[in-house]
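The values are calculated or read from the model by the stated rules, or taken from the named source; none is laboratory data. Keep in mind the model is a prediction, meaning the values are calculated, not measured. Virtual Cβ from ideal backbone geometry, glycine too; neighbours counted across all protein chains shown. All accessible areas refer to the heavy atoms of the entire protein, side chains included, with ligands and DNA or RNA removed. Shrake-Rupley method; radii C 1.70, N 1.55, O 1.52, S 1.80 Å.
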Amino acid sequence: MPELPEVETTRRGIAPHLEGRKIAGVTLRRPDLRWPIPPEIRRLLPGQRLLAVRRRAKYLLLDTEPGAALVHLGMSGVLRVLPGRTPPAAHDHVDIRLDSGRVLRFTDPRRFGCLLWQPAGETHELLAGLGPEPLSDAFDGDYLFELSRGRKAPVKTFLMDQAVVVGVGNIYAAESLFEAGIAPHRAAGSISRERYARLAAAVKRILGHAITRGGTTLRDFLSPDGLPGYFEQELRVYGREGEPCLVCGRKIRESRLGGRATAWCGGCQR
DNA sequence: CGTACCACCTGTCGGC
DNA sequence: TGCCGACAGGTGGTAC
């Protein structure tokens, strides 16, 4: 499901219900999601107080004293805080019960998500190689320009590489490239410093805006309070293949890059 | 190291 | 109406 704005929206939605609460118990209805759920989740979490809910890239970290539960929502995962007596439905794989009587429930039909354990003071291997946060000062046009020299991969693929910058998935990559006026198939190494400055600014603006609007509504995503996000109606190229460009009127084109559907405007993006 | 491709899994949608 | 294939927001692993 989610790109960074959806994950951040989830974090903001669940954090007030979790921080400061004690974990009353953990219910695992499946032994694994994308990977086996490690024994620490069951063995160490019960009785611990939740100290903070953080986000790194598209991972959520539920901090406790001995370590953090690491959650990735994959393509179809949802985390919600529900009344404790809510009966589980299909694909409700994990419950973390709270001393408030409520329950943090992880639902994920496709099971591309994961629930892992990161001991206090350590960095999980999956987080070790990640690039900078897109909304941080470390991410800017100069960074993209320097890192991209010699790269032949399409700029869209480059931008979606989580080792380059985290949190930019298929939707927001397409939208950012449209705003920056860059054709998605252009080789990353052939793009000028000035154009990368525009691209970095577009990524920051679009992700920041999407977060303030509560993420993009897609069929698998509801924000944690059950309300849909409101960003979908503002998408300018993603999902608009064949429709007229809102700027120049040309038909939005569709191609495939790195196996992913790619929408772009041949008039506005060069 | 960089790049391309496959895999994981379920639900939904369009076409016949 | 029913069936079947294609596709979906992610990303680790592998093979070149």
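Okay, here's what the table says:
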{"item": "Output for segment A:2-23, where each listed residue is over 23 Å from A:Pro132 (Cβ atoms) and in contact (Cβ under 8 Å) with a residue 24 or more places away in the chain", "result": "A:Gly13, A:Ile14, A:His17, A:Leu18, A:Glu19, A:Gly20, A:Arg21, A:Lys22, A:Ile23"}
{"item": "Scan of segment A:56-87 for residues that are open to solvent by 40 Å² or more (accessible area, probe 1.4 Å) and touching a residue at least 60 places away in the same chain (Cβ under 8 Å), ordered by number", "result": "A:Arg56, A:Met75, A:Arg80"}
{"item": "Flag for A:Phe158 being touching a residue at least 12 places away in the same chain (Cβ under 8 Å), closer than 21 Å to A:Ala261 by Cβ and touching a Cys at 6+ places or on another chain (Cβ under 8 Å)", "result": "no"}
{"item": "In segment A:165-200, the residues that are open to solvent by less than 10 Å² (accessible area, probe 1.4 Å) and within 12 Å of DNA strand B (Cβ to nearest atom)", "result": "A:Ala188"}
{"item": "Extreme residue, farthest from DNA strand C (Cβ to nearest atom), among residues of segment A:97-136 that are touching a helix residue (DSSP H, G or I) at 6+ places or on another chain (Cβ under 9 Å) and more than 21 Å from A:Met75 (Cα to Cα)", "result": "A:Ser100"}
{"item": "Unique residue being modelled with pLDDT under 90, surrounded by fewer than 15 Cβ atoms within 10 Å (Cβ to Cβ) and not hydroxyl-bearing (Ser, Thr, Tyr) when the list is A:Leu222, A:Leu227", "result": "A:Leu227"}
{"item": "Neighbours by Cβ (under 6 Å, 6+ apart or cross-chain): first from segment A:201-219, assigned by TED's automatic domain parsing to the domain that holds A:Arg236 and under 14 Å from A:Val168 (Cβ atoms); second among the β-branched types (Val, Ile, Thr) and modelled with pLDDT under 85", "result": "none"}
{"item": "Residues (touching a helix residue (DSSP H, G or I) at 6+ places or on another chain (Cβ under 6 Å) and open to solvent by 20 Å² or more (accessible area, probe 1.4 Å)) located in segment A:1-48", "result": "A:Val26"}
